[in-house]
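The values are calculated or read from the model by the stated rules, or taken from the named source; none is laboratory data. For clarity, every value in this text was computed on a predicted model and none was experimentally measured. Neighbour counts run over all protein chains shown; Cβ positions are idealised from the backbone, glycine included.
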Amino acid sequence: MKREDKCLSLELAKQIDAEHKRLGIEAKSEFMHIKDPGGTWYIEEYSKDYPDNETYPAYDTAELGEMLTREYSTVKTASGLAAQMAFGWEHKSRLTARELWEISESITETEARGKMYLWLLQNGYIKEEKP
């Protein structure tokens, strides 16, 4: 499987990175989105060898699964859409199962997990890291 198919999109990676910085959460990923001097973005194994390049963590499906709690599972429909469903979060967040589906509905499991993780960050369900 190509890296681009198993890693989070650049757009979602940028949003999660901004939330991590706001909350003081250290980004850890095996891969990164990196912008070359010509302005082209690509995914590369994580390295500190690019201090002058714009980079963002490119979380893969497994990494996002670790970032989410065990209360989540991915649901796929016959049309191929995926979403992260939460067990018990409907009550905690006062959202219905349908609303949670709409938050994370995606073409890939990675994007579904990323959207749910971003929503949890933005809505205070994942707090800043403690020193």
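Does Lys6 fit the bill of being in contact (Cβ under 8 Å) with a residue 60 or more places away in the chain and among the basic types (Lys, Arg)?
So Lys6 fits the description; yes.
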Test set (1) assigned to a helix (DSSP H, G or I); (2) surrounded by 14 or more Cβ atoms within 10 Å (Cβ to Cβ); (3) at pLDDT 75 or above; (4) not basic (Lys, Arg) - Met32 fails condition number:
(1)
Determine the pairs where a residue that is within 17 Å of Val75 (Cβ to Cβ), located within the stretch 115-128, has a partner that is among the hydrophobic types (A, V, I, L, M, F, W, C) and at pLDDT 85 or above with Cβ atoms under 7 Å apart, the partner being 6 or more residues away or on another chain.
Lys115/Leu12; Tyr117/Ile16; Tyr117/Leu64; Tyr117/Met67
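Among the listed residues Ala82, Ala97, Ala112, identify the single one that is modelled with pLDDT of 80 or more, over 20 Å from Ile25 (Cβ atoms), of a type in the set (Gly, Ala, Ser) and in contact with a helix residue (DSSP H, G or I) (Cβ under 6 Å, 6 or more places away or on another chain).
Ala112
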In the stretch 4-19, is there at least one residue being at pLDDT below 90 and either farther than 19 Å from Glu109 by Cα or aliphatic (A, V, I, L, M) (or both)?
no
In this structure, does Ile25 turn out to be surrounded by 11 or more Cβ atoms within 10 Å (Cβ to Cβ), over 23 Å from Gln122 (Cα atoms) and either touching a residue at least 12 places away in the same chain (Cβ under 8 Å) or small (Gly, Ala, Ser) (or both)?
no
If only one of Tyr56, Tyr42 is surrounded by fewer than 17 Cβ atoms within 10 Å (Cβ to Cβ), modelled with pLDDT of 90 or more, touching a strand residue (DSSP E or B) at 6+ places or on another chain (Cβ under 9 Å) and not hydrophobic (A, V, I, L, M, F, W, C), which one is it?
Tyr42
Using the structure shown, decide if His91 is of a type outside the set (D, E, K, R), at pLDDT below 85 and not in a strand (DSSP E or B).
yes
